[in-house]
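Read the figures in this text as sums done on the coordinates, not as results from a lab. Worth saying up front: this structure is predicted, and the values here are computed from it rather than measured.
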Amino acid sequence: MRNRRRLSSLVVSGICLLGLVGCNTVPREDYDAAVAESSQLRSDLAGARERLASANNRSQGLEQDLLMAQSELDRAIAAGTTGFEGIDGTTISSRGADVVVGVAGDVLFDSGKTSLKQSSKSTLDRIAGVLASQYAGRAIRVEGYTDSDPIRKSAWKTNERLSAERAMSVEAYLVTRGINNDSVYSAAFGSSHPRGSKAQSRRVEIVIIQ
């Protein structure tokens, strides 16, 4: 009798154990899906690492190209071969790998005005000629600057607005001289970037973007 009770107890325990194992068994299709997802994630991670390495290589290459362009521009400025040398009222400098042609505001405009002086057009004509012949296809930003004196006798209420109108006047004139309208745009900085004197601060800079 005792042996029968022990046998019955073992049978019941076995049934319970089988039931427990059955409850914890992952269906085959779920297991296969998890394995496939894990494999895909590993593949995606490997691909992301390859793309990151490639991007880093390209970035290093671009940095080297930029340094070379800066060095070449500095040599051209030192040698006087940018094409802008000898144009009255201009200065030539670099900003990174960009060529910056500065034109004195007093060469271009009367005090407080935004219409170009007639005498300034020969200067801009020569600049436009060099842009077309040596820098075709490059983007050009025309930047306007003023001194810090408050405006008292002008149609423009702020130096920022005055610098904007002057930059747009130069931009519009360059377009009439054959510069592609889609490649040139203007920007205004008012008195935010002063130079050594008020006369030097009043300027327009034509930036040829690398």
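Some notes on this structure:
- Highest-MSF residue in the chain out of Pro27, Pro194, Pro150 [GNM, Cα springs under 10 Å]: Pro27
- Directionally averaged shadow of segment 83-208, computed from the convex hull of its alpha-carbon atoms, nm²: 7.2
- Helix-derived mean residue ellipticity, 222 nm - over the chain, DSSP H n ≥ 4, -39500 (n - 2.57), to 500: -18500 deg cm²/dmol
- Coupling constants for segment 188-203 follow from the phi torsions by the Karplus curve (6.51 cos²θ - 1.76 cosθ + 1.60, θ = phi - 60°), and in residue order they are 10, 10, x, 9, 6, 10, x, 10, x, 9, 5, 4, 6, 6, 7, 7 Hz; glycine and proline get x.
- Note on the chain: along the principal axes its Cα atoms extend 126, 42, 32 Å, ordered by decreasing extent.
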